[in-house]
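The values are calculated or read from the model by the stated rules, or taken from the named source; none is laboratory data. Please read these numbers as outputs of a predicted model, since none were measured by experiment. Cβ atoms come from the backbone with ideal geometry, glycine included; neighbour counts cover every protein chain shown. Side chains included, ligands, DNA and RNA excluded: accessible areas come from the protein's heavy atoms. Shrake-Rupley method; radii C 1.70, N 1.55, O 1.52, S 1.80 Å.
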Amino acid sequence: MTSYDDLFKGSRNFLEPDLNDLNGEMRRALKGSRCLVVGAGGSIGRSVAKLLFGFEVSSLTAVDLSENGLVELVRDIRSSFDYDIEKFETLALDCGSSIFLQFLRERSFDYVLNLSALKHVRSESSVFTMKRMCQVNIFNSLAILDGLGACTKKYFCVSTDKSSAPANFMGATKKAMELCLFSDKSSIPISSARFANVIFSDGSLFAGVKQRVEKKQPVSAPKDIWRYFITEQEAGFICLISLLFGETGEVLFPRGGGEVELENISELVKAYLAFRRLNFQIFDSEFEARQFARLGNDSIPLHFFASSTTGEKTAEEFFSSNERFGDARFKTLSAVINKETVSRQERDLFLQSLDSLIQNHETSASQLIGLFKGFIPSFNHIDTGVFLDSKM
């Protein structure tokens, strides 16, 4: 039987074979460098920031819209490292604002990592959040690149496994981001990475499971969905490996097999509760599970359901038939190089059309989806009309 203890503890590191080979080179590249992490208040951003401190960067600037996320980052780093406060600053800024662009023009960085994103499939339930997703995932990513100085050695921008043959709007925005960034003729090298699900990351299903257990509420999860899972530290290291060793146009992702395998979500939920030594009882309906929870029983009520969420694939994939991949440089990672490419003219026309739709208050969700289908041939939108299946 598979043991998930290291995954649940966050101590697993499937990248160790590569890190053993690359650690010295990573340290030489990062030591004394000036780094900017955008989206540093989220789980992956915090992981990246902590790893950068371990590589002895000369300065680290952390930017996030969430003041609370930045406060936790400061507390975490102060509790983990001896550091010079003058080398570490946090800025509560919207990376899509003119103020942030002013900041970029006045500062110089060797390495810039953009981890900001709207990442939830359910965000396409409203045309307004769809518009914001376009702003954050596409336009902000490009604006950061445009604002960087010539001294920047590398720009890393996070993607998602959902960008592979996207079935939902979120994945389509990230696929569009990849195409737009890599069609840019910037002198700054650009790389990216597609993650598996980062277990217990902010807003994730398993963070929700933790919350439900602590609040003595029923746990609901899909029974027919399979996903890959990695730890926050593993996600952070993938970012840094891509930052330092990924070539322009490459999107790194975990190589299948070994410790990173497709996992059935409902089975993993049960494994997690067993890891916590918690008893559980499975119910046929969410109503029965809620009623059981109200009785104050020690067992955790579970409800597993058949998923019908818009844009939800049964199993995620890191690459599709429209992409070529393979990389002998790494033992634990592979790289996607997009077959779907766009010219600068095609990119600019798409961005102009998208901006017009965002600005138009009469724009519908179907218009946005139609534009993306024209730009991304592999975008096969799954529309069930249901957005809240995960109940998390």
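Among what's in the stretch 160-181 and is small (Gly, Ala, Ser) and outside any helix (DSSP H, G or I), pick the residue that is nearest to the chain's Cα centre (by Cα). Spell out how you get there, then give the answer.
To start, the set of residues in the stretch 160-181 that are small (Gly, Ala, Ser) comprises 163-165, 167, 171-172, 176.
From the residues that got through so far, the ones that are outside any helix (DSSP H, G or I) too are 164-165, 167.
Values: 164: 14, 165: 17, 167: 17 Å.
Filtering first and then ranking leaves 164.
Say we look at the stretch 141-159 and pick out the residues that are part of a loop (DSSP other than H, G, I, E, B) and open to solvent by less than 20 Å² (accessible area, probe 1.4 Å); which of these is farthest from residue 322 (Cα to Cα)? Lay out the reasoning, then the answer.
If we filter the stretch 141-159 for residues that are part of a loop (DSSP other than H, G, I, E, B), which is where we start, we get 148-153, 158-159.
Filter once more, so that each one left must be open to solvent by less than 20 Å² (accessible area, probe 1.4 Å): 152, 158-159.
Values: 152: 31, 158: 20, 159: 17 Å.
Of everything passing the filter in the stretch 141-159, 152 is farthest from residue 322 (Cα to Cα).
Quick grid of which residues meet (1) of a type in the set (Ser, Thr, Tyr); (2) at pLDDT below 90:
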| residue | (1), (2) |
| --- | --- |
| 291 | no, no |
| 295 | no, no |
| 300 | no, no |
| 330 | no, no |
| 337 | no, yes |
| 340 | no, yes |
| 346 | no, no |
| 358 | no, no |
| 366 | yes, no |
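Does residue 33 satisfy the criteria of being open to solvent by 10 Å² or more (accessible area, probe 1.4 Å) and polar (S, T, N, Q)? Steps first, please.
On the way: open to solvent by 10 Å² or more (accessible area, probe 1.4 Å): no; polar (S, T, N, Q): yes.
So residue 33 does not fit the description; no.
Do we find a residue being on the phi < 0 side of the Ramachandran plot, crowded, with 17+ Cβ neighbours inside 10 Å and part of a helix (DSSP H, G or I) anywhere in the stretch 72-89?
First, pick out the residues of the stretch 72-89 that are on the phi < 0 side of the Ramachandran plot: 72-89.
Narrowing the set further to residues that are crowded, with 17+ Cβ neighbours inside 10 Å leaves 73, 77, 88.
Imposing the further condition that a residue be part of a helix (DSSP H, G or I) reduces the set to 73, 77.
Looking for residues that are on the phi < 0 side of the Ramachandran plot, crowded, with 17+ Cβ neighbours inside 10 Å and part of a helix (DSSP H, G or I), one finds at least one in the stretch 72-89, hence yes.
Under 9 Å between Cβ atoms, which residue pairs at least 6 apart in sequence (or on different chains) link something in the stretch 46-59 that is under 14 Å from residue 241 (Cβ atoms) with a partner that is open to solvent by 30 Å² or more (accessible area, probe 1.4 Å)?
47/232; 47/233; 51/233; 55/27; 55/29; 55/31
State all residues of the stretch 261-319 that are in contact with a His (Cβ under 6 Å, 6 or more places away or on another chain) and part of a helix (DSSP H, G or I); if no residue qualifies, say none. Quick ask: steps written out before the conclusion?
So the first thing to find is which residues in the stretch 261-319 are in contact with a His (Cβ under 6 Å, 6 or more places away or on another chain), and the list is 283, 286, 289.
Residues satisfying the conditions are 286, 289.
For residue 317, state whether it is of a type outside the set (A, V, I, L, M) and modelled with pLDDT under 85. Outline the logic, then answer.
Details: of a type outside the set (A, V, I, L, M): yes; modelled with pLDDT under 85: no.
Answer is no for this residue.
When residue 20 is evaluated against the numbered criteria (1) outside any loop (DSSP other than H, G, I, E, B); (2) open to solvent by less than 40 Å² (accessible area, probe 1.4 Å), which criterion, by number, is the only one it fails?
(2)
Of 221, 207, which residue is in a helix (DSSP H, G or I) and of a type outside the set (Ser, Thr, Tyr)?
Details: 221 fails: in a helix (DSSP H, G or I).
After ruling out the rest, the residue left standing is 207.
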